[in-house]
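Visitor: For reference, the structure I am asking about is given below.
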Amino acid sequence: MNLAFAAVTGWGKTYVSHSYIEENADDYDVTVVLDYKDEYSGLVESGYLKRMTAPSGTENVTPEQWRDIVAGEKGLQVVRAGLTDEQWQELLANLILALEAMDISVFLVLDEAHRFAPQRGNYPDVIDTLATTYHGDGFGVVWLFQRFAKIDKDVLSCCTASMLGGFRSTQDIEQLDTVEYPTDVHKKDRDRVPGLPDELCVDGEPLALQRFTDDEGHTVGSEWIYTDGETLERLDSRDFEMESEHYGSDRKRIKHPF
């Protein structure tokens, strides 16, 4: 499965994706998180992932060498550590070739996924193949991003499920085939959304998605819509339970509402 996982900055993407990693880790042979901003260290502390930084030169690690690195690991956090986008893409390309050759199931989380598959610009063919082909070969791939306008439409067209939060604009969400409801529900500045399906309403009210904050303005929860063509569900991240701490990019702990 390819999962499009997106929302505007500050909506709580990383926090909610932590929950996804914990929920899916036991169902795959290995979990690999390509961490653009080093925000998944809580999963290292709790034992879900082993940390690996990616200094200059790591993009040239061969698929065979990646196989040796991944072999025997249950989870791996690969931190970008200053690589350019082109180097970061090459690292992923070689890693994909290694994982595909290992005949194992893989849960792959691509933070800031538009860096790997930009809508404008070239990137390695194997990354496109990851979206179009490998998802049926034991790969579960989460494409995490902020703006639809920055990620390649070919990737979006291959996503069979979506987890979407709030956005400043929703005009390009229609690129996802799984979205068959009024996309205005995702607009940050909307209150009510006429025509919203009953399963997306709150106590019968057609309300837009909400972000919940504390007195200091920090996000303590947010609403999302998950759909996969068969399921359509409105979710509140305050209901999610996690073993791991989540650290924001400023290294301040995010307060949990439970």
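The values are calculated or read from the model by the stated rules, or taken from the named source; none is laboratory data. Only a predicted model underlies this, so the values are computations on that prediction, with no experimental measurement involved. Neighbour counts run over all protein chains shown; Cβ positions are idealised from the backbone, glycine included. Just the protein is used for accessible areas: all its heavy atoms, side chains included, with ligands, DNA and RNA removed. Shrake-Rupley method; radii C 1.70, N 1.55, O 1.52, S 1.80 Å.
Visitor: Within region 54-80, how many residues are over 17 Å from Thr31 (Cα atoms) and open to solvent by 60 Å² or more (accessible area, probe 1.4 Å)?
Guide: 5
Visitor: Give Asp68, Asp111, Asp125 a once-over and let me know the one that is at pLDDT 95 or above and within 16 Å of the chain's Cα centre (by Cα).
Guide: Unique residue meeting the criteria: Asp111.
Visitor: May I pose another question? Looking at Leu43, Leu34, can you tell me which residue is touching a His at 6+ places or on another chain (Cβ under 9 Å) and aliphatic (A, V, I, L, M)?
Guide: Among Leu43, Leu34, only Leu43 is touching a His at 6+ places or on another chain (Cβ under 9 Å) and aliphatic (A, V, I, L, M).
Visitor: Still on this model: If you scan region 13-53, which residues turn out to be of a type in the set (S, T, N, Q) and open to solvent by 40 Å² or more (accessible area, probe 1.4 Å)?
Guide: Pass one, region 13-53, residues of a type in the set (S, T, N, Q): 14, 17, 19, 24, 31, 41, 46, 53.
Within region 13-53, Ser46, Thr53 qualify.
Visitor: Give the residue that is nearest to Leu130 (Cα to Cα), with candidates limited to residues of region 81-100 that are at pLDDT 95 or above and open to solvent by 10 Å² or more (accessible area, probe 1.4 Å).
Guide: Leu97
Visitor: Cβ-Cβ below 6 Å, separation at least six or inter-chain, first residue in region 174-203 and farther than 22 Å from Asp154 by Cα, second surrounded by 14 or more Cβ atoms within 10 Å (Cβ to Cβ) and hydroxyl-bearing (Ser, Thr, Tyr): which pairs?
Guide: Close Cβ pairs satisfying both conditions: His186/Thr170; Lys187/Thr170; Pro197/Tyr181.
Visitor: Can you name every residue in region 217-248 that is open to solvent by 30 Å² or more (accessible area, probe 1.4 Å), β-branched (Val, Ile, Thr) and either in a strand (DSSP E or B) or at positive phi (or both)?
Guide: Across region 217-248, the qualifying residues are Thr219, Val220.
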